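The values are calculated or read from the model by the stated rules, or taken from the named source; none is laboratory data. These numbers were taken from a predicted model, which means no experiment stands behind them. Don't worry about glycine lacking a Cβ; one is built from the backbone with ideal geometry, like all the others, and counts go over all protein chains shown. Heavy atoms of the whole protein, side chains included, go into the accessibility calculation; ligands, DNA and RNA do not. Shrake-Rupley method; radii C 1.70, N 1.55, O 1.52, S 1.80 Å.
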Amino acid sequence: ENIQLIKSIPTRANTDMKLLTHNMLACHIKGVTNNYPLLIEATKIETRDADFNPDFLRHIFPRIQWPAFLQGAETLGCRGTLPNDPVPESALEDEGFLKQFHHALLEVVLEEGFLICPETQRRFPVCKGIPNLLLNEDEC
């Protein structure tokens with residue numbers, strides 16, 4: 001594997017392919033039933049500082065599909081000691097957990113690589129942190 005890792009790049013516009021975004025994306029090819037979560041193939045990963053906001057993390061947590069999030073965090077090398085599903089409710093009051101969750105969810109960016117449909121293996125490119133999920137005409 002030839003993965004390039006760059007640390008502490010200043011944050012640019014919120015177009016970055018973070019695990020927050022990944023957790024909400026699915027493959028919409030016509031006829032596909034196993035469309036989530038998209039698999040990640042990373043060729044360039046960056047870490048960008050983001051403001052730590054525990055209230056935002058507690059608010060977004062119930063909307064995160066935890067197994068998909070862990071799969072993405074594992075692929076991007078930022079899982080750390082994040083617990084398996086189900087996460088204990090007490091974790092949302094633990095600053096150490098919230099900081100790990102924050103880092104994986106908001107600071108690690110898939111800069112270059114692919115998102116892959118789990119059913120068809122269709123590869124959607126991610127270039128400069130922006131995923132391209134446009135379908136070909138025959139996929140609509």
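Protection proxy ranking of 130-138, 34-42, by the mean of other Cβ atoms within 10 Å over each peptide's residues and highest first, is 34-42, 130-138.
Only lysine pairs 8 or more places apart, or on different chains, with alpha-carbon atoms under 22 angstrom apart are counted in the chain, and they number 8. No partner Cβ under 4.7 angstrom, meaning no disulfide-compatible partner by this rule: which Cys of the chain qualify? Here Cys78, Cys127, Cys140 come out as lacking a disulfide-compatible partner, given the Cβ-Cβ threshold of under 4.7 Å.
In terms of overall dimensions, the chain has a Cα radius of gyration and Dmax of 15.3, 48 angstrom.
Surface analysis of the chain yields an accessible area of 57 Å² per residue, using protein heavy atoms and a 1.4 Å probe. Axis angle, to the nearest 10 degrees, between helix 66-75 and the longest C-alpha principal axis of the chain: 80 degrees.
A straight chain from Thr81 to Val32 at 0.36 nm per residue would run longer than the Cα-Cα distance by 14.3 nm. Residues of region 23-40 with an amide N closer than 11 Å to a point placed 7 Å from the Cα of Leu135 along the Cα-to-Cβ direction: 27-33. Sorting Met17, Met24 on solvent-accessible area from highest to lowest, probe radius 1.4 Å, gives Met24, Met17. When the Cα positions of Phe56, Ile130, Phe101 are compared along the charge dipole of the chain, Ile130 comes out farthest toward the positive end, with charges on each C-beta of Lys, Arg, Asp and Glu. Note on Cys140: accessible area approximately 90 square angstrom, rounded to 10, probe 1.4 Å, nucleic acids and ligands left out. In this Cβ point-charge picture (+1 for Lys and Arg, -1 for Asp and Glu), the chain has a dipole of about 220 debye about its Cα centre.
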